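Worksheet for the structure shown next.
Quick note: the coordinates plus some simple rules give every number you see, no bench work behind them. In this text, all values refer to a predicted model and were calculated from it rather than measured experimentally. We place every Cβ from the backbone using ideal geometry, glycine too, and count neighbours over all the protein chains shown.
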Amino acid sequence: MSDRALVDDLFFARTGMDPARVERAVGEALQGMDDGELFLEHRQSEGLTFDDGKLKTASFDTSQGFGLRAVAGEATGYAHAAELSEAAIRRAGETVRAVRTGHGGAIAAPPTGTNRALYGDFNPLSQVAFEDK
């Protein structure tokens, strides 16, 4: 699965968010800022506890959320939530816009992108069948 397809599946198809509306909300939140970013997170964890070779407890958890950061001069605003929704992203945008107050802003050169994937779409939890664990 391509990176874009994985992002679309995890953060838009599963949540019902519209990518264009999210992009517009983030753009409005960061308008006039020197820098900023939206960070989306999807995390899975699994735990197995054995006692004398017998499975005693098993757990599986999925969590998700986002962080929105805005930089205006020396001021940085940050908002985050465990709820992935357009409404939560808009509320976060209202929060981070506070750093813009009293700041005229200046265009900053964007950081050089590496386009280097830090994480693959390999999910180790699904590599071994639960029965075999």
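Work the Kirkwood hydrodynamic radius out for the chain: mean of 1/r over every pair of different alpha-carbon atoms, inverted, in Å. Mind dumping the intermediate values first?
Working: mean 1/r = 0.0571 Å⁻¹.
One over the average 1/r among Cα pairs gives 17.5 Å for the chain.
For the range 11-53, the Stokes-Einstein estimate of translational diffusion at 25 °C and a viscosity of 0.890 mPa s comes to 177 µm²/s, using the Kirkwood hydrodynamic radius over alpha-carbon pairs. Once you reduce the range 63-133 and the range 30-44 to the center of their Cα atoms, the two points are 3 Å from each other. Of the GluC sites (Glu not before Pro) found in the range 13-81, the ones in coil according to DSSP and having at most 12 other Cβ atoms within 10 Å of their Cβ are Glu74. Exposed loop sites here are chymotrypsin sites (Phe, Trp or Tyr not before Pro) assigned a DSSP state other than H, G, I, E or B and surrounded by at most 12 other beta carbons within 10 Å; excluding them, the longest clear run of the chain is 1-118. In this label model, Ala75 and Val128 are separated by 5.2 nm, measuring between points 7 Å along each Cα→Cβ vector.
For the range 3-81, what's the relative contact order in percent, using C-alpha pairs closer than 8 Å and at least 6 residues apart?
Averaging sequence separation for qualifying contacts and normalising by length gives 25 percent for the range 3-81.
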